[in-house]
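S.K.: Got a structure for you, written out below as structure tokens; questions coming shortly.
What follows is calculated from the coordinates using simple rules that are stated; it is not laboratory data. What you see is a predicted model, and the numbers here were worked out from it, not measured in a lab. Here the Cβ is made from the backbone with ideal geometry for all residues, glycine too, and neighbour counts use every protein chain on show.
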């Protein structure tokens, strides 16, 4: 079992192993923020179960001596069809975590996407890397501030803007409520939290002391101290704009000359609308189950959306992608590439840049084995015939 392996101090081999290492290393409220989801966390679990329900079609006696795992996504050549997804507060999980992850992504030849609510600023990530990285944006009520973020990302050479569209309101994440992530603890709760922090000296030294400044690097004028989580929540409540509609994309386009991707699409009609307004791509995503519990898993929603718009824009997906096998299955369902969220969060929390680099290497190897044993030599050739009973199993339109 993963827990036993990591408990013995052996090398991690899976995202599950890195999750266990992260759980041991992080204070509880930070691990729960990374690991948790909305309400009863059913959708977060379904994201993983949806991949488990899909079976690969093993094929034999084919020449698989040469495999091509590289692809082109939104104009960028990638060695693997992977993007490290925007992960808020990542720099609270490990010292300057966004920089460490961006460096690991650059070495592996995959894309990194900087979050609006990251600890490291756009400029810090730019100074630490040579490869172009993507930028994720929430359109806020303060359009002047939003415009300034877009200008900074453009100045840093970011080629792709990932616009998160499934956060009109914040989902109810009960783990965060229980552990006082946003304040509201009693005196006893505060003492318990303080003891929890003191019980993780490695994190205290690495992040709280050596990881300064602990600010939201892209929001320093709005929320100067990342440790002030109640202040951050108040800013989120005041700035995340529930009035955003499709018409607002015209404003984004006026202020962004690069490619635009909408992240948070689960419905076919929304996907068709995205194609009609001319965005370059979408991410089929339920925000890792962190917004609305009880919605479709990403892998279940993906095939219908690909069938509806796959020739009009590039379709990416996230949610439950924890292995190279998951990536192969997602591409077989029609995704152009996958975004990794918790997977790199666990890895960076556990072992920093080396952990992220190792996790990506493991995924590469898992993809290569899966492709070889399904008789597919190029990721571009992965399709639903790579899955068992294509057209009849849980990966079909009739089962979604």
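S.K.: Would you calculate the separation in nanometres between label points at residue 72 and residue 292, each defined as 7 Å from the Cα along the Cα-to-beta-carbon direction?
M.R.: Taking the simple label geometry, residue 72 and residue 292 are separated by 3.6 nm.
S.K.: Taking every pair of alpha-carbon atoms in segment 111-190, give the share separated by more than 19 Å as a whole percent.
M.R.: In whole percent, the share of Cα-Cα pairs in segment 111-190 beyond 19 Å is 50.
S.K.: Return an integer: the convex hull volume of the alpha-carbon atoms of segment 206-358, in Å³ per residue.
M.R.: 156 Å³
S.K.: Quick one: work out Rg over Rh on the C-alpha atoms of segment 38-157, Rh as Kirkwood radius.
M.R.: When Rh is taken as the Kirkwood radius, the ratio is 1.07.
S.K.: Here's another thing I want to ask about it. Using only helices, what value at 222 nm comes out for the chain when you add -39,500 (n - 2.57) per DSSP H run of length 4 or more and divide by the total residues, to the nearest 500 deg cm²/dmol?
M.R.: -12500 deg cm²/dmol
S.K.: Return, for the Cα atoms of segment 149-228, the radius of gyration and Dmax in Å, separated by a comma.
M.R.: 16.9, 48
S.K.: When each pair of different Cα atoms in segment 86-153 is counted once in the 1/r mean, what is the Kirkwood radius in angstroms, to one decimal?
M.R.: 12.2 Å
S.K.: In which sequence would 134, 195, 235, 344 go, from the one with the fewest C-beta neighbours within 10 Å to the one with the most?
M.R.: Placing the least packed residue first, the sequence is 195, 235, 134, 344.
S.K.: Once label points are set 7 Å from the Cα along Cα→Cβ at both residue 142 and residue 231, what is their separation, rounded to one decimal in nm?
M.R.: It works out to 1.3 nm between the two label points.
S.K.: Just want the ordering: 287, 55, 200, from fewest to most Cβ atoms lying within 10 Å of their own Cβ.
M.R.: 55, 200, 287
S.K.: Please work out how much length the chain gains when fully extended from residue 280 to residue 63, using 0.36 nm per residue of separation minus the C-alpha to C-alpha distance, in nm with one decimal.
M.R.: Gain in length upon complete extension: 74.6 nm.
S.K.: Here is a follow-up. Give the dimensionless ratio obtained when the Cα radius of gyration of the chain is divided by 2.2 N^0.38 Å.
M.R.: Ratio of Rg to 2.2 N^0.38 Å for the chain: 0.95.
S.K.: Moving to a separate point now. Can you work out the base-10 log of I(q)/I(0) for segment 182-296 at q = 0.15 1/Å, using the Debye formula on its C-alpha atoms alone?
M.R.: The Debye formula, applied to the Cα set alone, gives -0.97.
S.K.: Order by neighbour count: 117, 236, fewest other Cβ atoms within 10 Å first, most last.
M.R.: Lowest count first: 236, 117.
S.K.: Expressed in nm to one decimal, what extension gain is obtained for the pair residue 198 and residue 168 from 0.36 nm per residue of sequence separation less their Cα-Cα distance?
M.R.: Contour length minus Cα-Cα distance gives 7.2 nm.
S.K.: If the convex hull of the alpha-carbon atoms of segment 1-108 is projected onto planes in all directions, what is the mean projected area in square nanometres?
M.R.: Mean orientational projected area (segment 1-108, Cα hull): 10.5 nm².
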